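Chemist: Below are the structure tokens for one structure; questions will follow.
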Amino acid sequence: NVSGDLNRNDVIGIPKSAERCVVNFRSENCRLEIGAGCVLDGLEVNFNRPNQAVMFTGDNRIRGQLHLTAPRTAVSFGFGTRTNAYVWANLAEADTAIRLGAGCLLASVRFRTSDSHKIFDLETGKRINLPGDIEIGDRVWIAEDVLLLKGTRIGDGSVVGARAVVNGPLPPNSLSAGAPARVIRHNIRWEE
């Protein structure tokens, strides 16, 4: 179910399945790319400002809500990345992105590239909570109820434990947990 002006926006590709999938184009110059074999059952994508993009590279199985609420924002899912539960993402400030590598597995994960409200130092007037991208490497497993905040960088092959809050870098092949997330084990690998 696609709503909005398709003359000013692009949908490229056709999913393998898209039951209860809703795409809302509320702006212009937005682009949805769907690679081969994607299952987008129970997905809602909201393009709310100009020059936004969402890309499913291929063989993705994604459900949840993606809210692009600021201009020049983007979300990309690497090949074979999938969710076992409902994910939610909000890109509320311009020029931010969420990039997930290939072969990732996500439970009910929340992504926020900004705090959605600006905070300033009273003495200097300088903003103290700038937005930032979220980057997830290849073959990363993110468990139940994890919150990924601006500036998150998770290295390849890592695992993030349930209810963790991530707001910075986590090295490759590490196991992290807690709020804020801390590395509790290095040199790990995971299997399904």
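Chemist: Taking region 4-25 only, how many residues are open to solvent by less than 50 Å² (accessible area, probe 1.4 Å) and part of a strand (DSSP E or B)?
Modeler: 5
Chemist: Kindly provide the set of residues from region 31-68 that are part of a loop (DSSP other than H, G, I, E, B), open to solvent by less than 50 Å² (accessible area, probe 1.4 Å) and either over 19 Å from V109 (Cβ atoms) or of a type in the set (D, E, K, R) (or both), ordered by number. Spell out how you get there, then give the answer.
Modeler: Within region 31-68, the first condition is being part of a loop (DSSP other than H, G, I, E, B), and the residues that meet it are 35-38, 40-42, 48-52, 57-60, 62-63.
If we keep only those that are open to solvent by less than 50 Å² (accessible area, probe 1.4 Å) too, we end up with 35, 37-38, 40-42, 48, 50, 52, 58, 60, 62.
Matches in region 31-68: G35, G37, D41, N48, P50, Q52, G58.
Chemist: Within region 83-106, identify whether any single residue is crowded, with 17+ Cβ neighbours inside 10 Å and among the basic types (K, R), and answer yes or no.
Modeler: Within region 83-106 (the criterion being crowded, with 17+ Cβ neighbours inside 10 Å and among the basic types (K, R)), the answer is no, since none of the residues qualifies.
Chemist: Any residue in region 76-87 that is farther than 25 Å from R163 by Cα and modelled with pLDDT of 95 or more?
Modeler: Yes: one or more hits.
Chemist: Let me ask you something else. Within region 111-126, work out how many residues are under 17 Å from T96 (Cα atoms) and either among the basic types (K, R) or surrounded by 12 or more Cβ atoms within 10 Å (Cβ to Cβ) (or both).
Modeler: Matching residues across region 111-126 total 7.
Chemist: Just to be sure before I move on: is E28 part of a strand (DSSP E or B), more than 18 Å from K150 (Cβ to Cβ) and either of a type outside the set (V, I, T) or within 16 Å of the chain's Cα centre (by Cα) (or both) in the structure I sent?
Modeler: no
Chemist: Is it the case, given these coordinates, that L130 is crowded, with 21+ Cβ neighbours inside 10 Å and modelled with pLDDT of 95 or more?
Modeler: no
Chemist: Just give me the residues in region 72-86 being in contact (Cβ under 8 Å) with a residue 40 or more places away in the chain and either more than 17 Å from R110 (Cα to Cα) or among the aromatic types (F, W, Y) (or both), in sequence order.
Modeler: Result: G78, F79, Y86.
The values are calculated or read from the model by the stated rules, or taken from the named source; none is laboratory data. If you're wondering where the values come from, they're calculated on a predicted model, not measured in any experiment. Quick reminder, even Gly has a Cβ in these numbers, built from the backbone with ideal geometry, and neighbours come from all protein chains shown. When the accessible area is computed, the model is the full protein with side chains, heavy atoms only, and any ligands, DNA or RNA have been set aside. Shrake-Rupley method; radii C 1.70, N 1.55, O 1.52, S 1.80 Å.
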